[in-house]
Amino acid sequence: MILVAVVGDSISAGSPLWDPDPAVRARIPRPDERSQWQYWAALADPRLQFRTSAVYGQRTDEIAARLDDALLRGAAALVVQGGINDVVQSRPVKDAAADLAAMVDRGRRAGLPVAVPDLLPWNNGDDRAAREILRLNELIRALPADLLPFHDTLADPDAPQRMREGLSDDGDHPSVEGHRRLGERAFRLPES
């Protein structure tokens, strides 16, 4: 087995139909474990096992506070996901990028290869948010980590600031089909 530690926000949690926290999951009317990209990545590569710490609504500074030795212990790789809540809450993208860079550095210093997904399009966002997502994605691409191309995997080619029809049920998060595409097409085990 290859243990992959994942830290992130509601995208990695599997919202709105899943959450790694059993207490949160108990409040979901009909939880569906397929509503997480990790589920589909593990089906595609049965060697993979994911340990996910992801909290709905958290910014990158809050995610960074959860990146501790317990999460990294025993992991063979790290995925650091976040940034959309920084955009939603109008936090400067340079600050979000700095938080992501610090988490990548911590993972690399722990001897782990690290991957960072770029931000998904946000169907419920406005023009300001779309510009900030593009800017933060540019900064994410410059990080010393493997890029997981989440944005382009779900973007509508005719309107790249939006997820393609059927790939989001609520305009904020991927649908089960969206998560399937992320897990099968966009995820790859980090090497650097």
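What follows is calculated from the coordinates using simple rules that are stated; it is not laboratory data. A quick note: this is a predicted structure, and the numbers were derived from the prediction, not measured. Ideal geometry is used to build each Cβ from the backbone, glycine not excepted, and the neighbour counts take in all protein chains shown.
Just name the residue that is farthest from His179 (Cα to Cα) out of those in the range 99-144 that are touching a Lys or Arg at 6+ places or on another chain (Cβ under 8 Å) and of a type in the set (A, V, I, L, M). Residue satisfying both the conditions and the ranking: Leu139.
Among what's in the range 58-67 and is over 20 Å from Leu17 (Cβ atoms) and within 13 Å of the chain's Cα centre (by Cα), pick the residue that is surrounded by the most Cβ atoms within 10 Å (Cβ to Cβ).
This residue is Thr60.
Considered as a group, the residues in the range 146-186 that are under 14 Å from the mean Cα position of the chain (by Cα) and hydrophobic (A, V, I, L, M, F, W, C) include one that is farthest from Arg108 (Cα to Cα), and that residue is Leu154.
Summed over the range 21-57, the residues that are assigned to a loop (DSSP other than H, G, I, E, B) and crowded, with 22+ Cβ neighbours inside 10 Å give a count of 2.
Taking (1) buried (at least 23 other Cβ atoms within 10 Å of the Cβ); (2) touching a strand residue (DSSP E or B) at 6+ places or on another chain (Cβ under 6 Å) in turn, Trp18 satisfies each apart from (2). Listed by first and then second residue, the pairs with beta-carbon distance under 7 Å, at least 6 apart or on different chains, first residue in the range 91-109 and within 22 Å of Asp69 (Cβ to Cβ), second part of a helix (DSSP H, G or I) and among the small types (Gly, Ala, Ser), are Asp99/Ala64; Ala102/Ala64; Met103/Ala64.
Would a scan of the range 70-79 turn up a residue that is in contact with a helix residue (DSSP H, G or I) (Cβ under 6 Å, 6 or more places away or on another chain) and either within 18 Å of Phe150 (Cα to Cα) or buried (at least 23 other Cβ atoms within 10 Å of the Cβ) (or both)?
Scanning the range 70-79, I find at least one residue that is in contact with a helix residue (DSSP H, G or I) (Cβ under 6 Å, 6 or more places away or on another chain) and either within 18 Å of Phe150 (Cα to Cα) or buried (at least 23 other Cβ atoms within 10 Å of the Cβ) (or both), so the answer is yes.
Within the range 6-29, does at least one residue satisfy the condition of being of a type in the set (Asp, Glu) and closer than 18 Å to Pro174 by Cβ? Taking every residue of the range 6-29 in turn, at least one turns out to be of a type in the set (Asp, Glu) and closer than 18 Å to Pro174 by Cβ.
Tallying residues that are in contact with a Lys or Arg (Cβ under 7 Å, 6 or more places away or on another chain) and under 24 Å from Glu138 (Cβ atoms) within the range 50-81 yields 2.
Of all residues in the range 165-187, those that are surrounded by fewer than 15 Cβ atoms within 10 Å (Cβ to Cβ) have Cβ atoms under 9 Å from Cβ atoms of residues that are assigned to a helix (DSSP H, G or I), 6 or more apart or on another chain, in Gly166/Glu177; Gly166/Gly178. Glu132 satisfies every condition listed in (1) among the charged types (D, E, K, R); (2) crowded, with 21+ Cβ neighbours inside 10 Å; (3) within 17 Å of Ser10 (Cα to Cα) except (3).
Under the condition of being among the hydrophobic types (A, V, I, L, M, F, W, C) and in contact with a Pro (Cβ under 7 Å, 6 or more places away or on another chain), the residues counted in the range 146-178 number 6.
For the range 8-20, the count of residues that are touching a residue at least 60 places away in the same chain (Cβ under 8 Å) and part of a strand (DSSP E or B) is nonzero.
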